[in-house]
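Engineer: Dropping a structure here in structure tokens format, bear with me for questions.
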Amino acid sequence: MSYDQQGQHQHVVTNQPQYYGAPPPQQHAMHQMGPPGSQPAADQWMPKSSGVNCPPGLEYLTQIDQILVHQQVEILEMFTGFETNNKYVVKNSVGQKIFFAAENSGCCERYWCNNLRSFEMNILDNFGNEVIHIHRPLACQSCLYPCCLQKMEISAPPGNVIGTIEQEWSIFPKFKVKDVSGDVILRIEGPFFPCSCCGTDVNFEIFSRDGTQNVGKISKQWTGLFREMVTDADVFGINFPMDLDVKMKAVLLSACFLIDFMYFEDKQNSRND
């Protein structure tokens, strides 16, 4: 644990940058450098804005209106079918890294509960600081059980709740995005049959609180026939207004993980069955 200059508590996940592939802090400046007009390198990090009034670590989100989420391919899972903790790389539209996200769940629950499992997810910046924390309790997702639907709580920084995502009782995939006060800020609606067919993306549309205005979308992108068949490591794109509250951008990023687990995470087990 560490404390910033104002005495605020910050969570630091020690030794995580090396484990999840983030460059050590002393290499950060090297990854930012390059000739003017050059394309960003594959391992380049997005520069952080300064002087932004938002939760620490979310400064990156103030500059963007699109996020790409790449789930990392797990070799053990691909060949054995044994479900492992999910890991994701979060990038901006030009491929610069923003965050690393790592699931933390029990192996027994991953085996028996599969994509319904509860988990804690740590979202880290390039220095290994946990800037967003997601809590997902064990729950159902079927419309047959309206009293036990999916809900996730998002904190930024960890311990400071900024919003929740709640599944609505419907035969269609529907979610409410709420702020810390419990007020509905956005709504998410998906297709009746959220399946990625050959060459097509699966779009979950983001609407205003009253459901009348389309303001963005979360898309499960088609990654090619081979990858779709042999692994559940998916790629998502998230679009939202540039001027959207940065806290709600973080909640929409978290919603992407919930959608991945609910609708696209059980393909490996289905193949093995």
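Engineer: Choose one of ASN160, ALA139, PHE127: the residue whose Cα lies farthest towards the positive end of the charge dipole of the stretch 114-213 (beta-carbon charges +1 Lys, Arg; -1 Asp, Glu; about the Cα centre).
Structural biologist: Value: ALA139.
Engineer: Here is a further query. As a test question: what accessible area, to the nearest 10 Å², does LEU61 have when a 1.4 Å probe is rolled over all protein chains in place?
Structural biologist: Here the residue's solvent-accessible area equals roughly 0 Å².
Engineer: Moving to a separate point now. Go through LYS176/LYS249; LYS87/LYS249; LYS87/LYS176; LYS91/LYS217 and tell me which ones have a Cα-Cα distance over 18 Å in this structure.
Structural biologist: LYS87/LYS249; LYS87/LYS176
Engineer: Can I ask one more? Given the protein chains as shown and a 1.4 Å probe, how many square angstrom of THR200 are accessible, to the nearest 10?
Structural biologist: 60 Å²
The values are calculated or read from the model by the stated rules, or taken from the named source; none is laboratory data. For clarity, every value in this text was computed on a predicted model and none was experimentally measured. Here Cβ is always computed from backbone atoms with ideal geometry, including for glycine, and neighbour counts include all displayed protein chains. Only protein heavy atoms, including side chains, enter the accessible area calculation; ligands, DNA and RNA are left aside. Shrake-Rupley method; radii C 1.70, N 1.55, O 1.52, S 1.80 Å.
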